[in-house]
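See below for the structure under consideration.
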Number of protein chains: 4
Amino acid sequence: MKHSFKNDYSELAHPQIMNALAAIGDRQFEGYSLDEYSFRASELIRAKIENTSADIHFISGGTLSNLLVISSALRPHEAVIACKSGHIFVHETGAIESTGHKVCTAEGENGKLRPRDVEAILDEHTDEHMVKPRLVYISQSTEVGTVYTKAELRELSDCCHKRGLYLFIDGARLGTALNSHACDLTYKDVAELADAFYIGGTKNGALFGEAVVIKTDELKPDFRFIIKQRGALLSKGAAIGLQFEALFKDGLYDELAGQSNKKAMILADGIRAAGYGFQYEPVANQIFPIFPDEIVEKLHKIYGFYDWQKVENKTSVRLVTSWATPENAVEEFLIDLREL
Amino acid sequence: MKHSFKNDYSELAHPQIMNALAAIGDRQFEGYSLDEYSFRASELIRAKIENTSADIHFISGGTLSNLLVISSALRPHEAVIACKSGHIFVHETGAIESTGHKVCTAEGENGKLRPRDVEAILDEHTDEHMVKPRLVYISQSTEVGTVYTKAELRELSDCCHKRGLYLFIDGARLGTALNSHACDLTYKDVAELADAFYIGGTKNGALFGEAVVIKTDELKPDFRFIIKQRGALLSKGAAIGLQFEALFKDGLYDELAGQSNKKAMILADGIRAAGYGFQYEPVANQIFPIFPDEIVEKLHKIYGFYDWQKVENKTSVRLVTSWATPENAVEEFLIDLREL
Amino acid sequence: MKHSFKNDYSELAHPQIMNALAAIGDRQFEGYSLDEYSFRASELIRAKIENTSADIHFISGGTLSNLLVISSALRPHEAVIACKSGHIFVHETGAIESTGHKVCTAEGENGKLRPRDVEAILDEHTDEHMVKPRLVYISQSTEVGTVYTKAELRELSDCCHKRGLYLFIDGARLGTALNSHACDLTYKDVAELADAFYIGGTKNGALFGEAVVIKTDELKPDFRFIIKQRGALLSKGAAIGLQFEALFKDGLYDELAGQSNKKAMILADGIRAAGYGFQYEPVANQIFPIFPDEIVEKLHKIYGFYDWQKVENKTSVRLVTSWATPENAVEEFLIDLREL
Amino acid sequence: MKHSFKNDYSELAHPQIMNALAAIGDRQFEGYSLDEYSFRASELIRAKIENTSADIHFISGGTLSNLLVISSALRPHEAVIACKSGHIFVHETGAIESTGHKVCTAEGENGKLRPRDVEAILDEHTDEHMVKPRLVYISQSTEVGTVYTKAELRELSDCCHKRGLYLFIDGARLGTALNSHACDLTYKDVAELADAFYIGGTKNGALFGEAVVIKTDELKPDFRFIIKQRGALLSKGAAIGLQFEALFKDGLYDELAGQSNKKAMILADGIRAAGYGFQYEPVANQIFPIFPDEIVEKLHKIYGFYDWQKVENKTSVRLVTSWATPENAVEEFLIDLREL
């Protein structure tokens, strides 16, 4: 296999991250994220989102981040609203349900949830014989590589708050979303419009780790109890804190996301130039070209990637780039594609 | 503060571990612990425990490991038996209860559970108005630094299996236990006597990570579903696998545990020589000397450590050493103690 | 309001049931369904289903029966397959999710799940990133008043067992289903084809209570623990046992279901004769005629019933009959309908 | 067996209750406790407790009532404080744990929890590595037949509210408690001092059913969702409402509790006169005399009752009376005891 475009977590960590970890040597630090690295990283994130009072928690992965925020926010009968393509609904083995909560889904459009989707679900849930939707979960960028614009996110946020719902954003790929040419949102905007979200490190250069941001005061109390109870309070929390310090002190986070997007766009342009279309408009680091099945079959012999869906008599595939994707891997892919 | 004896996870990772992580560079690997590093580490562990069919899973921390194994093994009405001092009962924020299961406790002795403790709990649980005990949880070494001998563990294991209970060992500090002069157990013995256990990496040189070993066939099916559902399936599972490869390929794991114990024994001997006794016989890397309160107070100004309990008019404190504890920190502590 | 067709639990209990309860006087009995009435009722049910080894448990209601059987049968990562119209998915406030399990849904047809629906869901659930479907839930009769025929149920049962799934039937309205002219199933057939099911008392003459039948051995162990843990082990379980004795000793159960269906059929025939159609073919005690909105509005002033759905520019409504529905209420309804 | 003193739910229901049920005939009513009987019963209870704004919910049994109130009140990491003898800790098959919450226990004294017990547990729970106690559960009368006095309950209530805890009273036997000569509490007092409690019907004349009273506003929202989700929203809720109407409209509830106590006191006096002592001072309808083992053995041949504990070389047994206990059964027991 020449290269794997399967996902953006196929490489361990950016060299600057590895160096930051190695530099710590045998220095001692406080356990459970109460260390100076985590404190500094939190300050850097609060500066980035321009919100001095948000709570920041460092968590080892995305599924944990999702289940912690959601199960902490909800009473037993309350439910989540998500897109049918939402990661929590499809690919987290019922993690949310395992904490006792139903996920109510809407079809959405291009992986995005719209106010009308939320309204329709609320209108159906009328009494105590049904769960009570209380939190809207979206992903930015979405599971199909699309991004919410500022207008879209504001509309959704307004709808949520008017109807008494929390808005939570799964930001496993927040970096590539906010650095997409199709997205006019800033980190500050995200913090203003969401009640809680997380900034994904694992898929953007870190060895592992996500920074959960809790903005809304109601969601803050006792969150560390929830983290510990679910097994997510890393004794060496400093290991995540110092990575986020490295990511946010000099702009590395955005730089890596930009590199990731850039390679995806080169790939997308080349695929389009070769005469193929896309299932979803490519704007970030996951793209979904549609190929005839024989092309897909041949590509599988040379590259790693996942088939996505049948699209009429063809197949869409998912190609994911990362900060680590070599430019020549992209170029070779395009050459191979044209020559197949 | 000259040095912290608070715990054995105050330093990030042993240099060999950091080097192993750094050496991987930008090589691509499969996600979710399906990588070659994890496969090799699993083989090394199977060789070490002399069991070729055990399932090995790499998990980011101890509380997660405990709750995964326990919640996977039990039906809803089934319960755990543990010591009152057991980590799952005291210091995991009700993690086991949060998965729906009660923890039935016995006083035990020196942090250890005896067959008679288990029998007494079983005798009290007679019908469907009470939970049904199904799994015995112990820690090796225990939360008070003691260790089970081979005879003790065999007795307990026999009792469990005679009474239809699984035996699960929390091995956050398995290394220091098996390398204690007071312990005659081998890794093979542990695997023979327990149904499942874990080998702790976090507290013995790793950056983070534990290796869960599932020996008994009944406990094996679908464990990866359970891991994913609880948010514990690390996308970059390779990051743990390669650390365990480093720990087990040349004996580093036992070497670090031995260093940790050695410093604890120097500390213990010095404390005894200075005229102080212990709440529990010191045999591994957690020791519990008893000091007059004014000594404790003075020590707190120079060293980091936790007070444990009131013992008559004195106080026992917990001193923990690790592979990274500098010998001169131990020596200085003893000098300071004598001079106070 | 002349009469309520809202549901089949608007009246307390059939006189024979009330008499059976009153007849017990101040006789003492064992608690928790270990009484002679419950034993005799269990025997009667085992005779009725022609299965001498099935376990019978008496439970106070349908939602409890569903959640007990399902949560007892599943491991944490396992899921249920149901129709989108399934009661557990729509109208039980996330009871199944509250026990930790996801409900995977299919559109189905006429409220019924077909093998192809089950297969499609299984085909989508391919690895540990998704829940593992393990039990199929259906209702007989369904939430839209339709019934599974013997051929349909056999096909579904075969599909389930071939694919390693349990088949569980919500029989809140099993009486009216099996006594429908459209249904060729016997109680024996149901017990042969399902792994577990319940025979609803609440909606067929009892004051309250359902008889859960567990046929498949794997599902039997420790079910009473599950009942107690969920708060469903009635101390005066005899109160349900004696009602089921009354329902099954002389054929009262089928008689009442037959009466219920008969009134529904008179109602359906009259409605059809008056020129109206149905959303679902009326075959049991829930029927769904489609009326113009102004008719619906006028009917609401005289009768109690629920609107069901918009059907083009009209509305389907749900009319439910019971053993207690007076024949003249049916006749008057038809007269009023013709005169509106 | 001449008579069973095993418990106070060995008989079905008081004749006035059976008559009230029978009198309803085939009258139709609204489902799910939204009927006129339940409304009137709620009003009667609010009048009795002299609190016009309390929420009243009718639930089929005690374990359900306990788990509903507790799981509704707590966030995931919050815990209950109870006596070691508390019903939820011993005899409900881990029902509270099955909703995710730990029960922290204290030894207490005579089955009662004291402020110092609560304080001691709070003092031990200092950070996020431990659960956060949030609700105190007590039983009135207790599992060992004792009662809290007004002073005791006030002290406990003050302690709870000063420390940010809810006080919840399991009133399965509230009637016999408040009608005990040893208890100076009124229903009004109970409502003033507790945040929530329930008035037990099942053990005091009703066929089945408990009235949950929620006084504190924070605990009120969405309780019906919780009821439904746990399978406890009885479709024929009217069946409980009308029983409570019968119990509270003319003082039947207190009358039956008084009868129950009276027989227990005759029994206690006779046992004492026969020369035997008690494990707990007998003040309500559960008494715990201590007999030599040979007496216990002989009594078991004639009467139904449970052995309680070994008390030195003797055995305490539990004798329970109810409104239905015949006076001559009590007299015969005393005669037999003297003649053994």
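The values are calculated or read from the model by the stated rules, or taken from the named source; none is laboratory data. A quick note: this is a predicted structure, and the numbers were derived from the prediction, not measured. Cβ: placed from backbone, ideal geometry, glycine included. Neighbour counts: every protein chain shown. Each accessible area value is taken on the protein alone, full model and side chains, heavy atoms only, with ligands, DNA and RNA left out. Shrake-Rupley method; radii C 1.70, N 1.55, O 1.52, S 1.80 Å.
Taking each of B:6/B:262; B:102/D:84; A:84/A:310; A:203/B:228; D:84/D:150 in turn, the alpha-carbon distance tops 19 angstrom for D:84/D:150.
When DSSP beta bridges are restricted to pairs lying wholly in segment C:117-215, around 40% turn out antiparallel. Counting only residues at least eight positions apart within a chain, or on another chain, the aspartates and glutamates with an alpha carbon under 18 Å from that of residue A:314 are A:281, A:293, A:294, A:297.
So how much slack lies between residue C:124 and residue C:154, counting 0.36 nm per residue of separation and subtracting their Cα-Cα distance, in nm?
Details: separation 30, 0.36 × 30 = 10.80 nm, distance 2.36 nm.
Length gained between residue C:124 and residue C:154: 8.4 nm.
A simple spin-label model places pseudo-atoms 7 Å from Cα toward Cβ; at residue B:339 and residue B:310 they are separated by 3.3 nm. At a probe radius of 1.4 angstrom, the accessible area of chain D per residue rounds to 33 square angstrom. A dipole drawn for segment D:15-252 from +1 and -1 charges on Cβ atoms has a positive end, and of D:108, D:80, D:62 the residue lying farthest that way is D:62. Here the 3J(HN,Hα) profile of segment B:225-241, calculated from phi with Karplus coefficients 6.51, -1.76 and 1.60 at θ = phi - 60°, is 4, 4, 4, 5, 4, 8, x, 9, 8, 5, 4, 9, x, 3, 4, 8, x Hz, Gly and Pro shown as x. Rounded, prolate or oblate, given the Cα gyration tensor of the protein assembly as shown, with a/c below 1.5 counting as rounded? In terms of gyration-tensor shape, oblate. Sequentially through segment C:215-222, phi angles give Karplus couplings (6.51, -1.76, 1.60; θ = phi - 60°) of 8, 6, 4, 3, 8, 7, x, 6 Hz, Gly and Pro residues having no value and appearing as x. Each of the peptides D:69-82, C:112-125 was scored by the mean count of other Cβ atoms within 10 Å over its residues; in descending order, highest first, they stand as D:69-82, C:112-125.
Is segment C:2-80 rounded, prolate or oblate when judged by the Cα gyration tensor, a ≥ b ≥ c being the square roots of its eigenvalues, rounded requiring a/c under 1.5 and prolate requiring a/b larger than b/c? Note, shape of segment C:2-80 comes out oblate.
Can you give the net charge of the other residues whose Cβ lies under 12 Å from the Cβ of residue B:112, counting K and R as +1 and D and E as -1? Taking every other residue near residue B:112 into account, the sum is -4. Relative to the other identical copies, residue A:331 shows label-point distances of 5.9, 9.2, 11.0 nm, where the label point lies 7 Å from Cα along the Cβ direction and values run shortest first. Its Cα centre serving as origin, chain A has a Cβ charge dipole (Lys and Arg +1, Asp and Glu -1) of approximately 320 debye.
Comment: the Cα-to-Cβ extended label point of residue B:188, at 7 Å, lies 6.0, 6.7, 7.9 nm from its counterparts in the other copies, nearest first. Distance from the D-onto-B rotation axis is smallest for the Cβ of the chain D residue given, in whole Å, as D:97, 2. Interface residues of segment A:96-130, defined as a loss of at least 20 Å² in heavy-atom accessible area between the chain alone and the complex of all protein chains with a 1.4 Å probe, are A:97, A:98, A:100, A:102, A:128, A:129, A:130.
Burial here means at least 50 square angstrom less accessible surface with every protein chain in place than with the chain by itself, probed at 1.4 Å; in segment B:1-30 the buried residues are B:9, B:10, B:11, B:12, B:18, B:28, B:29. Each of residue D:298 and residue A:40 was given a label point 7 Å from its Cα along the Cα-to-Cβ line. The distance between the two points is 8.4 nm.
Residues whose amide H falls under 5 Å from that of residue D:166, counting only those 5 or more places apart or on a different chain, are D:135, D:136, with hydrogens built in the peptide plane. Only protein heavy atoms count here, probed at 1.4 Å, and on that basis chains A and B bury about 3900 Å² of accessible area in total. The alpha carbon centroids of segment C:157-201 and segment D:83-136 are separated by 44 Å. Electrostatic tally near residue D:210: other residues with Cβ closer than 13 Å to its Cβ, Lys and Arg +1, Asp and Glu -1, net +2. Scanning residues 5 or more positions from residue D:4 or on other chains, those with amide H under 5 Å from its amide H are D:304, with H placed 1.01 Å from N in the peptide plane.
Add -39500 (n - 2.57) for each DSSP H run of 4 or more in the protein assembly as shown, then divide by its residues: what number comes out at 222 nm, to the nearest 500 deg cm²/dmol?
Numbers: 56 runs with 563 residues, N = 1360.
About -12000 deg cm²/dmol.
At a threshold of 50 Å², the residues of segment A:218-244 that become less accessible to a 1.4 Å probe in the full protein assembly than in their chain on its own are A:222, A:225, A:228, A:229, A:230, A:231, A:236.
Using 1/(1 + (r/R0)^6) with R0 = 41 angstrom and r between the beta carbons of residue A:272 and residue A:250, what's the FRET efficiency to the nearest 0.05? Please list the in-between numbers first.
Numbers: r = 34 Å, r/R0 = 0.84.
With a Förster radius of 41 Å, E is 0.75.
Scoring B:133-146, B:48-61 by mean Cβ neighbours within 10 Å over their residues and listing the highest first yields B:133-146, B:48-61. Taken along the Cα-to-beta-carbon direction at a fixed 7 Å, the label points for residue C:182 and residue A:281 span 4.7 nm.
For chain D, just say rounded, prolate or oblate: build the C-alpha gyration tensor, square-root its eigenvalues into a ≥ b ≥ c, call rounded for a/c under 1.5, and beyond that prolate if a/b exceeds b/c, oblate if not.
Numbers: a/c = 1.91, a/b = 1.17, b/c = 1.63.
Because a/c hits 1.5 or more and a/b fails to exceed b/c, chain D counts as oblate.
Taking Cβ atoms as reference points and 13 Å as the exclusive limit, the residues near residue D:306 contribute a net charge of -3, counting Lys and Arg as +1 and Asp and Glu as -1. Close amide H pairs (under 5 Å, H built 1.01 Å from N) link residue A:104 with A:80, A:81, A:82, residues at least 5 positions away or on another chain.
Bridges between two residues of the protein assembly as shown, per DSSP, are antiparallel at a rate of about 55%. Per-residue Karplus couplings for segment B:22-38, computed as 6.51 cos²θ - 1.76 cosθ + 1.60 with θ equal to phi - 60°, are listed in order as 5, 5, 6, x, 9, 4, 8, 9, 6, x, 6, 6, 9, 9, 5, 5, 5 Hz, Gly and Pro entered as x.
Could you please state how large a percent of the accessible area of chain C is carbon and sulfur, counting protein chains only and using a 1.4 Å probe?
Working: 5400 of 11380 Å².
Looking at chain C in its full context, I get 47 percent from C and S.
Sites listed here are GluC sites (Glu not before Pro) in segment B:301-332 whose DSSP assignment is loop and whose Cβ has at most 10 other Cβ atoms within 10 Å: B:312.
Remark: label point of residue D:307 defined 7 Å out from Cα along the Cα-Cβ vector; separations to the same position in other copies 4.6, 6.7, 6.8 nm, ascending.
Please report, in debye to the nearest 20, how large the charge dipole of the protein assembly as shown is about its Cα centre when each Lys and Arg carries +1 at its beta carbon and each Asp and Glu carries -1 there. Don't skip to the answer; put the middle values down first.
On the way: 148 positive and 196 negative charges, 1 e Å.
Charge dipole of the protein assembly as shown: 0 debye, to the nearest 20.
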